[in-house]
Amino acid sequence: MQMRTEQALREYLKLQLRVPVFARLGPLASALDFVATAAPGVREILTVGKVCAEVRDSIEGRADWDLVVVDAAATGHIVSQLDSPRAIQDLVAVGPVRQQTEWMLELLADRKTTALHVVTTPEEMPVNETIALVRQARTELVVPFGSVIVNRVLPEPFTKGDEPVFEALLASPARDVLEADVGAGAGDVLEATRLAVSMRRSRAGHLARLRSELDVPLVYLPYLFVRDSGLRVTRMVADHLAAELGL
């Protein structure tokens, strides 16, 4: 499902405060926008609260989810989003809102139930953001940390010992002979392989930096040379992820 602030507020008013909402929220939504600019965590608590409610309902048998996976906010927003229950507690001392943030914090802090996984790619800026996020999350959040999932990791097509053979195939006359035997596209395949090797080795340093600066489990997902969406690629990613996790 896709979380929307107004829909989450509508559901909260209906279930928690017993307020019937038949039309669009209108002025109430505008009031929420006004309050959210002054009170940290107000807008975020609606989304986090909806996720926590789904998890709690599953635990207590009121929902049929086996696992709740949240595609959370971007790096710059995820900490404030997950910290919103604590931020609300700093604002509200008593009452139903305070009680609800208490069970949310308990759920978020439960290692048997919740884990924060960070997805990154082996490039300079994503790696820098990942290192900063992991350190910030560990110091500011109660949410247990899971792992760093490194996506789009290019494979190494051959070993160092195979490199002289590969370079020989790239040069004439070996390349000409290969294209004559296999076809004109053989040369393009060799050039594409050389590009992949160059990209792989340029990104290896970023992977090494993740390993050296973060004492967390790293999970690697390969670069899939297929289209970026659809059921087929989802299954491929799931299979590779399961293999990495030993499932």
Item to complete: Compare the Cα positions of ALA204, THR193, TYR223 along the charge dipole of region 190-231 (+1 at Cβ of Lys, Arg; -1 at Cβ of Asp, Glu; about the Cα centre) and return the one farthest towards the positive end.
Response: THR193
Worksheet item: Kirkwood Rh over Cα pairs of region 148-223 into Stokes-Einstein at 10 °C, 1.306 mPa s: D in µm²/s?
Response: 111 µm²/s
Practice prompt. Write down the accessible area per residue of region 116-247 in Å², having rolled a 1.4 Å probe over the full set of protein chains.
Written response: 61 Å²
Practice prompt. Can you find, among THR114, VAL165, MET125, the residue farthest towards the positive end of the dipole of region 114-169? Put +1 on the C-beta of Lys and Arg, -1 on that of Asp and Glu.
Written response: THR114
Worksheet entry | R0 of 22 Å, Cβ-Cβ distance ARG194-TYR223: FRET efficiency to nearest 0.05 | 0.90
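What's the carbon and sulfur percent of region 69-160's accessible surface, probe 1.4 angstrom, rounded to a whole number? Intermediate results must be reported in sequence, preceding the final value.
Details: 2750 of 5150 Å².
Answer for region 69-160: carbon and sulfur cover 53 percent of the accessible area.
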Worksheet entry | Percent breakdown of C-alpha pair distances by 10 Å bin, ordered from the shortest bin, for region 82-226 | 10, 26, 21, 17, 12, 8, 5, 2, 0
Practice prompt. Rounded, prolate or oblate: pick one for region 156-196, where a ≥ b ≥ c are the square roots of the eigenvalues of its C-alpha gyration tensor, a/c under 1.5 means rounded, and failing that, prolate if a/b is larger than b/c, else oblate.
Written response: oblate
Worksheet item: If Lys and Arg each add +1 and Asp and Glu each add -1, what is the summed charge of the other residues whose beta carbon sits under 15 Å from the beta carbon of ALA171?
Response: -3
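Counting Lys and Arg as +1 and Asp and Glu as -1, each charge on the Cβ, what is the dipole of region 79-153 about the Cα centre in debye, to the nearest 20?
180 debye
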Item to complete: Report relative contact order for region 112-238 in percent, whole number only (criteria: Cα-Cα under 8 Å, sequence separation at least 6).
Response: 34 percent
Worksheet entry | Inter-part distance where region 85-161 and region 178-214 are each reduced to a Cα centre, Å | 32 Å
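The values are calculated or read from the model by the stated rules, or taken from the named source; none is laboratory data. Predicted model, so just to flag it, every value in this text is computed and none were measured. Backbone-built Cβ (ideal geometry, glycine too); neighbour counts: all protein chains shown. These area figures cover heavy atoms from the full protein model, side chains too; ligands, DNA and RNA do not enter into them. Shrake-Rupley method; radii C 1.70, N 1.55, O 1.52, S 1.80 Å.
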